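The values are calculated or read from the model by the stated rules, or taken from the named source; none is laboratory data. Predicted, not measured: the structure shown is a model, and the values here were computed from it. Don't worry about glycine lacking a Cβ; one is built from the backbone with ideal geometry, like all the others, and counts go over all protein chains shown.
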Amino acid sequence: MNMTVTTNILPKILKILAIECPGIILHIMEDSGPAVARKVISGEVEFGVAPLTEHHSALLFEECYKDKFVMIAHSSHTLLNRDQLTWQSIARENFIKMYPNSGTRKLIENALMGRQIYLHGTFEVTHRPALLGLVANNLGISAVPHLSSSNVVDPPIATREISGPVISRSIGIITNRNTNLSPAAAKLKTIVKNVFENQIF
């Protein structure tokens with residue numbers, strides 16, 4: 001699973017699994033979306049739960065959830081006072097970016113490129129905790145998927161929905177079309193789908 005799913009949704013999944021299928025032993029690996037896909041292709045894991053940023057002929061992707069991007073900013077930031085927040089208004093601020101190969105960064109930049117909206121900033125980080133630390137110290141603003149913001153408990157950080165355009169990433173179940181799931185993995189996959197469909201998080 002990618003790190004967002006592991007942190008925010010996996011505990012709910014495992015609680016249900018423990019009730020319905022007690023005694024099953026799981027080996028859970030958390031990684032970036034592209035790495036999750038590679039592990040499914042290689043057979044290192046039976047299936048993955050993550051965004052699929054690069055398509056591969058061996059993979060099947062079942063979308064489970066549209067994760068919209070939200071702005072995160074210091075709670076004193078003036079953008080939070082706007083009735084409506086757009087990417088154009090965000091582009092005028094010091095925008096803290098993830099590293100260039102980040103799937104979320106590529107998704108945002110590709111979505112905005114067609115509208116000729118470009119995000120500029122003085123800081124670039126590799127991991128989300130560093131990004132949150134900079135935002136909490138009012139060194140810039142950023143945008144993260146909603147699920148990533150749901151566990152932000154630092155009081156100085158506030159989140160806001162963004163319109164024009166709405167950008168989201170698809171989180172889903174990644175399987176290898178050339179292999180069959182074990183009965184235990186198939187059961188777990190069903191629980192994962194139900195948790196997402198009913199938004200038990």
Quiz item: So, in region 103-132, of the ones that are free of Cβ contacts under 8 Å to residues at least 24 places away in the same chain and polar (S, T, N, Q), which residue ends up surrounded by the fewest Cβ atoms within 10 Å (Cβ to Cβ)?
Solution: Q116
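Report the residue count in region 168-182 for those that are surrounded by fewer than 18 Cβ atoms within 10 Å (Cβ to Cβ) and not polar (S, T, N, Q). Explain how you work it out, then say what you get.
Let us first name the residues in region 168-182 that are surrounded by fewer than 18 Cβ atoms within 10 Å (Cβ to Cβ), namely 168, 170, 177-182.
Add one more test, that the residue is not polar (S, T, N, Q), and what stays is 177, 181.
Residues meeting the conditions: 2.
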Quiz item: Of the residues K15, K39, K68, which single one is in a strand (DSSP E or B) and either in the same structural domain as L139 (by TED's automatic domain parsing) or charged (D, E, K, R) (or both)?
Solution: K68
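Could you list all residues from region 76-98 that are over 25 Å from A35 (Cβ atoms) and assigned to a loop (DSSP other than H, G, I, E, B)? Give the steps one after another, and end with the answer.
Of all residues in region 76-98, those over 25 Å from A35 (Cβ atoms) come to 76-95.
Those that are over 25 Å from A35 (Cβ atoms) and assigned to a loop (DSSP other than H, G, I, E, B): S76, H77, R82, D83, Q84, L85, A91, R92, E93, N94.
More than 19 Å from the chain's Cα centre (by Cα) and modelled with pLDDT of 95 or more: which single residue out of I72, I41, I96 fits that description? Show your work before the answer.
Numbers: I72 fails: more than 19 Å from the chain's Cα centre (by Cα); I96 fails: more than 19 Å from the chain's Cα centre (by Cα).
One residue alone meets the criteria, I41.
A quick yes/no check of all residues on (1) charged (D, E, K, R); (2) within 21 Å of T4 (Cβ to Cβ):
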site: H56; (1), (2): no, no
site: L59; (1), (2): no, yes
site: D67; (1), (2): yes, yes
site: N81; (1), (2): no, no
site: F95; (1), (2): no, yes
site: P129; (1), (2): no, yes
site: L134; (1), (2): no, yes
site: S142; (1), (2): no, yes
site: S163; (1), (2): no, no
Quiz item: Picking from V5, V45, which residue would you name as being surrounded by 15 or more Cβ atoms within 10 Å (Cβ to Cβ), within 28 Å of I162 (Cα to Cα) and out of contact with any Ser or Thr (no Cβ under 8 Å at 6 or more places or on another chain)?
Solution: V5
Self-check item: F61 touching a Ser or Thr at 6+ places or on another chain (Cβ under 7 Å) and not in a loop (DSSP other than H, G, I, E, B)
Solution: no
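Is it true that L10 is surrounded by 16 or more Cβ atoms within 10 Å (Cβ to Cβ) and without any contact (Cβ under 8 Å) to a residue 24 or more places away in the chain? Step through it out loud before you land on a result.
Numbers: surrounded by 16 or more Cβ atoms within 10 Å (Cβ to Cβ): yes; without any contact (Cβ under 8 Å) to a residue 24 or more places away in the chain: yes.
When the stated conditions are applied, L10 passes them.
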Exercise. Determine which single condition N180 fails, assuming it passes every other condition in (1) within 23 Å of A37 (Cβ to Cβ); (2) free of Cβ contacts under 8 Å to residues at least 60 places away in the same chain; (3) in contact with a Phe, Trp or Tyr (Cβ under 9 Å, 6 or more places away or on another chain); (4) not basic (K, R).
Key: (3)
Self-check item: Failed item in (1) without any contact (Cβ under 8 Å) to a residue 12 or more places away in the chain; (2) in a strand (DSSP E or B), with A73 passing the rest
Solution: (1)
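Could you tell me whether region 99-112 includes any residue that is assigned to a loop (DSSP other than H, G, I, E, B), of a type in the set (A, V, I, L, M, F, W, C) and over 16 Å from the mean Cα position of the chain (by Cα)?
Within region 99-112, the subset assigned to a loop (DSSP other than H, G, I, E, B) is 99-102.
From the residues that got through so far, the ones that are of a type in the set (A, V, I, L, M, F, W, C) too are none.
No, region 99-112 contains no residue that is assigned to a loop (DSSP other than H, G, I, E, B), of a type in the set (A, V, I, L, M, F, W, C) and over 16 Å from the mean Cα position of the chain (by Cα).
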Exercise. Count, please, the residues in region 18-35 that happen to be under 26 Å from P129 (Cβ atoms) and part of a helix (DSSP H, G or I).
Key: 3
Quiz item: What single numbered condition from (1) farther than 25 Å from S150 by Cβ; (2) hydrophobic (A, V, I, L, M, F, W, C); (3) out of contact with any helix residue (DSSP H, G or I) (no Cβ under 7 Å at 6 or more places or on another chain) fails to hold for L26?
Solution: (1)
